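Trainee: Sending over a structure as structure tokens; questions will come in a sec.
No value in this document is a laboratory result; all are computed from the given coordinates. Remember, predicted model here, so these are calculated numbers, not experimental data. Cβ sites come from the backbone with ideal geometry, for glycine too, and all protein chains shown count toward neighbours.
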Ligand code: NAD
């Protein structure tokens, strides 16, 4: 398998290095994997003037998977929009057509105090939000702001279009059903079918698909209730599938239940499970270069790569279990440190994961 490594800016190179050490250790155990490195974000702007240069695009298109650190930083904040590091991220996502965004929110029992919810409500939380990433009201046409006659006289109105084609729903549905199959075989589809025709279609299509996945228990929930249930009793969920806008909001809500940004991986997949894997956090310029960043979100993103793009569940579990073990052993980077645990830096955390592997 060919992996395109895009370390990016800020803490990106530090955390990506640790994930690569973990993958390399598995290579020693028979995993057939090759790495090619390229530039994205601010470092690419500095070298070429473009946050997503053609050479990077070529490598990313040819690779089986992409491992990305993070992009951005104050150095590039004053640049015009097209040259900003974050623009590189949007371009690679859209060029690769990664329509399925998988965001697990796992609260390891050892980190239960990091959550803003009571430990007994969240301890052991392990949910996966599957968000459609390239459709819905964020991309639907027509859209705009214009002056119109209204009951309050002539004034500006703004409007957007929530739209999904059946096949668009089916392809994200397939990703979600397959993911549920690999987990505890429970899938909850979230919509607003009581008021929105678009999501009524969503519910019909997802319901029809259930016949193809008789081993998966499908339920439906309205989005307002889902938002409430996520903070009331989050452990009732396993895999949740929803559209772009609801998924945007619910995945942020779910990830924050865990309270620790340095722990959260993500995957964005296309129809062939080619994926872009990256931590959910940014480039953390405030701690960049100090060797203190938490590499676990990136290491867990590499585990997602093993699972979804390489179909190697065993290797993915080995990495995830190694992370569990170092947490149980009491190793903590600064972001998850609490008294009574052992504070370590980025490299030492990588060492601990390798030892646990
Ligand atoms: P951020 O996620 O980079 O940092 C928020 C806070 O969390 C900071 O205090 C940081 O030190 C801490 N933090 C983040 N990751 C950590 C880790 N692995 N270990 C320990 N602490 C960690 O968000 P921000 O400060 O809003 O953004 C900083 C830059 O990152 C901006 O330029 C922004 O545009 C960019 N950004 C990039 C991505 C991405 O590459 N996917 C995502 C979000 C933000």
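Trainee: Counting each DSSP H run of 4 or more residues in the chain as -39500 (n - 2.57), what helix-only mean residue ellipticity at 222 nm follows after dividing by all residues, to the nearest 500 deg cm²/dmol?
Mentor: Numbers: 12 runs with 143 residues, N = 357.
Helix contribution divided over all residues of the chain: -12500 deg cm²/dmol.
Trainee: With each pseudo-label sitting 7 Å past Cα toward Cβ, what's the residue 321-residue 83 distance in nm, one decimal?
Mentor: Label-label distance for residue 321 and residue 83, simple model: 5.1 nm.
Trainee: If you average the sequence gap of Cα pairs under 8 Å that are 6 or more apart and divide by the length of the range 102-263, what percent do you get for the contact order? Kindly include the intermediate steps, with their values, before the conclusion.
Mentor: On the way: 282 pairs, mean separation 55.4, N = 162.
Normalised by residue count, the contact order of the range 102-263 is 34 percent.
Trainee: State, to one decimal in nm, how far the label point of residue 25 lies from the label point of residue 236, with both points 7 Å from Cα in the Cβ direction.
Mentor: My value for the distance between the label points is 3.9 nm.
Trainee: Additional query: Please work out the FRET efficiency for the pair residue 229 and residue 183, using the Cβ-Cβ distance as r and a Förster radius of 22 Å; give the result to the nearest 0.05. Present the calculation step by step, with values, prior to reporting the outcome.
Mentor: Working: r = 18 Å, r/R0 = 0.84.
With a Förster radius of 22 Å, E is 0.75.
Trainee: OK, next. What full-extension length gain, to one decimal in nm, is calculated for residue 197 and residue 2 as 0.36 nm per residue of separation minus the Cα-Cα distance?
Mentor: So the chain would gain 66.0 nm between residue 197 and residue 2.
Trainee: For the chain, what is the relative contact order in percent, using Cα pairs closer than 8 Å and at least 6 residues apart in sequence?
Mentor: Details: 742 pairs, mean separation 76.3, N = 357.
This gives 21 percent for the chain.
Trainee: Go ahead and run the numbers for FRET between residue 47 and residue 328, Cβ-Cβ distance against an R0 of 51 Å, rounding to 0.05. List each step's numbers first, then the result.
Mentor: Details: r = 42 Å, r/R0 = 0.82.
That pair, residue 47 with residue 328, gives E of 0.75.
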